[in-house]
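To keep things clear, I will list the structure first and then write my remarks on it.
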Amino acid sequence: MLHQRGHLAEAASLYREILAQNPEHADAIHLLGVIELQRGNLSAALTGIDRAIAIDPTKAAYFSNRAMVLQDLKRFSEALVSYDRALAIRPDNPEVLNNRAILIGSHAEHLTRVLRAHVGQEFDIVVSYKIAKQYRFGLGYGFLWAGPFLREATAHGNVSYPYSFLTYSF
């Protein structure tokens, strides 16, 4: 109740008392990290929340609060990963879904650059022909510049390939 009412100093003192009796109490460590977030001490907040996660990686709230710290640190791609970890634990959490959507919406350009650099980028040349009212046939040639993730995850580097396609429109 102290923490929820904004009495951060008193709440922090209570959490420290809990930790004096049980130094591995993940909830108390996490909540001290949240207090540091509320105070604007982002480095201390991240350290505390990461320590709580190391003790108990099954709590969605830990990952959600970690994502908020990372957002404030402008480490957007790491924040997205933390939101995804929270949703993997609790997929129906509306607050995490909302915060993740806000992150993606407000930082889409940055995240796209990060993903392109990490995964890679594809370039295609395509020619298509409408062969009937609802059918389109096409030929293309693609080139994929593999990023570090694809180079590590597969045995291939950059790849080029021809392809054809047939689409049907309703």
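We did not get these values from a lab; they are worked out from the coordinates using the rules stated. Bear in mind the structure is a predicted one, so any value in this text is a computation, not a measurement. We place every Cβ from the backbone using ideal geometry, glycine too, and count neighbours over all the protein chains shown.
Quick rundown of the values:
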| item | result |
| --- | --- |
| On Cα atoms only, tilt of 94-106 relative to the major axis of the chain in degrees | 60 |
| Residue order, fewest to most surrounding Cβ atoms within 10 angstrom, among Leu19, Leu70 | Leu19, Leu70 |
| Angle between the chain longest axis and helix 42-55 axis [Cα atoms, degrees, rounded to 10] | 90 |
| Whether the stretch 1-81 is rounded, prolate or oblate, judged on the alpha carbon gyration tensor where a/c under 1.5 counts as rounded | oblate |
| J(HN,Hα) series, the stretch 21-30, from Karplus relation 6.51 cos²θ - 1.76 cosθ + 1.60, nearest Hz, glycine and proline x | 7, 9, x, 9, 6, 4, 5, 5, 5, 4 |
| Debye log10 I(q)/I(0) for the chain, one point scatterer per Cα, at q = 0.10, 0.15, 0.16 Å⁻¹ | -0.58, -0.92, -0.99 |
| Over the stretch 86-170, relative contact order from alpha-carbon pairs under 8 Å, at least 6 apart, % | 24 |
| Check: the stretch 65-170 dipole with +1 on Lys, Arg Cβ and -1 on Asp, Glu Cβ, in debye | 200 |
| Protection-proxy order for peptides 122-134, 46-58, 83-95, 27-39, each taking the mean of Cβ atoms within 10 Å per residue, highest first | 27-39, 46-58, 83-95, 122-134 |
| Overall Cα dimensions of the stretch 119-168 - principal axes, largest extent first, Å | 44, 16, 15 |
| Percent RCO, i.e. relative contact order, over the stretch 27-70, from Cα pairs under 8 Å lying at least 6 residues apart | 38 |
| Packing-based exposure ordering (other Cβ within 10 Å, fewest first) of Ser43, Ser64 | Ser43, Ser64 |
| Computed [θ] at 222 nm, deg cm²/dmol, the chain (DSSP H ≥ 4; -39,500 (n - 2.57); rounded to nearest 500) | -18000 deg cm²/dmol |
| Under the Karplus curve 6.51 cos²θ - 1.76 cosθ + 1.60, θ = phi - 60°, whole-Hz ³J(HN,Hα) for the stretch 63-75, x wherever Gly or Pro sits | 5, 5, 5, 4, 4, 5, 4, 4, 4, 5, 7, 6, 9 |
